[in-house]
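The values are calculated or read from the model by the stated rules, or taken from the named source; none is laboratory data. Predicted model, so just to flag it, every value in this text is computed and none were measured. FYI the Cβ positions are ideal-geometry reconstructions off the backbone, even for glycines, and counts take in every protein chain you see. To get the accessible areas, we keep the full protein, side chains included, count just its heavy atoms, and leave off ligands, DNA and RNA. Shrake-Rupley method; radii C 1.70, N 1.55, O 1.52, S 1.80 Å.
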Amino acid sequence: MADPSSYRPSPGQIPDSPGVYKFRDEHRRVIYVGKAKNLRQRVASYFQDLAHLHPRTRTMVTTASSVEWTVVSTEVEALQLEYTWIKEFDPRFNVKYRDDKSYPYLAVTLNEEFPRVQVMRGAKKKGVRYFGPYGHAWAIRETVDLMLRVFPVRTCSAGVFKNAARTGRPCLLGYIDKCSAPCVGRVTPEEHRALAEDFCDFMAGRTGTYIRRLEKDMMQAAEEMEYERAARLRDDAGALKRAMEKSAVVLADATDADLIAVAEDELEAALQIFHVRGGRVRGQRGWVTDKVEAVDTAGLVEHALQQLYGEERGDAVPKEVLVPALPEDTEAVSQWLAERRGAQVSLRIPQRGDKKDLMATVQRNAQQALGLHKTKRASDLTTRSRALEEIAEALGLDAAPLRIECYDISHLQGDDVVASMVVFEDGLARKSEYRRFQIKGFEGQDDVRSMHEVIGRRFKRYLQEKERTGEWEQPPPASGEAPHPAQVPPAPHPAQVPPAPHPAQVPPAPHPAQGAPLPADGTDPRDTDPRGDDGREDDGRPKRFAYPPQLVVVDGGQPQVAAARRALDELGIDDIAVCGLAKRLEEVWLPDDDDPVVLPRSSEGLYLLQRVRDEAHRFAITYQRSKRAKRIRSSPLDDVAGLGETRKQALIKHFGSVKKLRQATIEEICQVPGIGRRTAESVAAALASAAPAAPAVNTATGEIMEEDDGGTS
């Protein structure tokens, strides 16, 4: 536990202007981000007597080891920078709302030539119009099915659309008049886009115009005795009315507003949002969060507004936002919302009438959500705590392993050997920490040797990170003793001139497939799921291999466990426990023990270890399959320097296949648009040096298949 006075800045150092401040821990991770009108007053408030601080604030300041700040011009800029940093650094002591599920939206892809109506989840995409969120995907599909009678917009996937265009026959919806069939040219792109825009206008609440138009056309058709057309228009108007009835009118003045309600206790808070458009509830969603910082209802509302509208622009920010309590700096938050909408936004507490009654309904939903969450979480927390305690007791650990890393090796008959590392913290998967490895130290199938290599590479990175930050220094070797493996700096590339740089300063070497060896420390520059910053910048972002686990689990028995323990011993790491979980009898193996630890089948600890092991296996085999698929789809053209995907496709399209391209002369290759003589010579040389693959055989007939595509050769 750190003493806050050890890093307390002097009052004269801190400016008294608006700004944003960051607390960092001993590993330089950002653990808290805050904003202030007056930085001097706000930051100084954290360094008073610990007994006077809120318990959560006390925990934060004793976990931190430094504080820094950034001055901005206005409070609105401070609000925006605070949101940006919370999203970037993911500080552990900041309130962060997360959806309790992935809500579906009704989306119209206006960024395509022929817009498509579909159900979408996840992050919003540019150029796509969204409506919702909805509680269930089936509710969206029912609404769309009713509206396609009047607005026959395309709903098919890109593959179905292209196939219909190729064959000249629309899909079933085109035959039953629920699609205008732009795939076969029944309507022009402009006419289809107009249909999609009308669909969006209706979903946005401008409903009266279309229903009145349909009723007018129906009466005119009846007067002209076109009774079939009149009946069809009557059914269309009825379909639109039924679609409208699915979202009841709650505000009579056609209000566009979001209503936010908060239910909270000392530890947690639940948030409910009703999206009202055109006076109707068009969407609803809810979040639950731990109150990891000392925050009141107004602070929870401010964090919720940042989460809701931080990535939104235009009409996605409504004219009115109704809340149970106003943020501390209401004027700055209102101005920030107005900038995102591009027009004035009213942020207020409803006082009377329909809006106050609807807010009470939203509040009841929030209370129910919090109660349901606490019921579920009580069971989850108890189960996870019991599982971690059982593992600690079975393995003889001093404390419960709050961070567990599991490793698995995957290959196909010795080819494409890869490994995975998955991380569980507090019994829950932390997918942002997952990593992938390629086994490059040797060829062939050897799971034990592979496990030794992976563990060594992972923890060498960990030691390098500790050394870079000054947290760890190896003692010098005794006289006549060989240096410790972690102390040996990577050997310089033959093309480099000594002296050799410090290990942490050595840039990643080229991949072995490019003709250069691995660095001397055995690390592979691609030992990662491509996320993070490789630990090169001291900026508080999560590093790839910076944090040690309390327990390493390997998928396997005694040999794999012994290999992992040996790799740690070679690095001088003796404070990390190792065990293995064998699939055959689900036995837990420990280093240097001849007999396994057998946990009861009903043990929560065993169940957690199985989940960790199965997740590592899933992650490894997914990576191995992707590598195998990429290798199978490879082509000799991939090795031609400077030949991009567009020109490769042009070559294949011109000649029909790699086989025919291999038979072409340089002059014939030069005839392809965009291919010069030097490129043609490179293509010819690459195809000449690549041995043709064995011909494919139809297993049903025994017929040798001629190569007729551009996939492989």
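At a Förster radius of 41 Å, what calculated FRET efficiency corresponds to the Cβ-Cβ distance of residue 197 and residue 367, to the nearest 0.05?
The value I calculate is 0.50.
Per-residue HN-Hα couplings for the range 594-603, Karplus 6.51 cos²θ - 1.76 cosθ + 1.60 at θ = phi - 60°, whole Hz, x for Gly and Pro?
Once rounded to whole Hz, the list reads 7, 10, x, 8, 9, 8, x, 4, 8, 6.
Ignoring any ligand, DNA or RNA, what whole percent of the accessible area of the range 27-115 comes from carbon and sulfur when the probe is 1.4 angstrom?
So the carbon and sulfur contribution to the accessible surface is 48 percent.
Quick check: Cα centre of the range 395-437 to Cα centre of the range 107-165, how many Å?
Going from one Cα centre to the other spans 39 Å.
In whole Hz and in residue order, list the ³J(HN,Hα) couplings for the range 80-93 that follow from phi through the Karplus curve 6.51 cos²θ - 1.76 cosθ + 1.60, θ = phi - 60°; x for Gly and Pro.
5, 5, 4, 4, 4, 6, 4, 5, 6, 9, 6, x, 6, 9
Just want the answer: with Cβ charges of +1 for Lys and Arg and -1 for Asp and Glu, which residue in 450, 437, 417 is farthest toward the dipole's positive end in the range 326-464?
The listed residue farthest towards the positive side: 437.
Which order do peptides 588-598, 445-455, 332-342 fall in by mean Cβ count within 10 Å, highest first?
Result, highest mean Cβ count within 10 Å first: 445-455, 332-342, 588-598.
For the pairs 124/355; 87/431; 319/355; 126/291; 35/87; 35/291, note any where the Cα-Cα span goes beyond 21 Å.
Listed pairs above 21 Å: 124/355; 126/291.
Dipole magnitude of the range 119-179 about its Cα centre, charges +1 at Lys/Arg Cβ and -1 at Asp/Glu Cβ only, in debye to the nearest 20?
380
How do 417-426, 641-650 rank on mean C-beta neighbours within 10 Å, highest first?
Working: 417-426: 23.1, 641-650: 12.4.
Highest mean packing first, the order is 417-426, 641-650.
Through the Karplus equation 6.51 cos²θ - 1.76 cosθ + 1.60, θ set to phi - 60°, convert the phi angles of the range 55-71 into ³J(HN,Hα) values in whole Hz; use x for Gly and Pro.
x, 6, 5, 4, 4, 5, 6, 7, 7, 6, 10, 7, 9, 9, 8, 10, 8
Which of the peptides 299-307, 121-129 is most tightly packed, and how do the rest follow, going by the mean number of other Cβ atoms within 10 Å of each residue?
Details: 299-307: 22.7, 121-129: 11.7.
Per-residue Cβ counts within 10 Å, averaged per peptide and sorted highest first, yield 299-307, 121-129.
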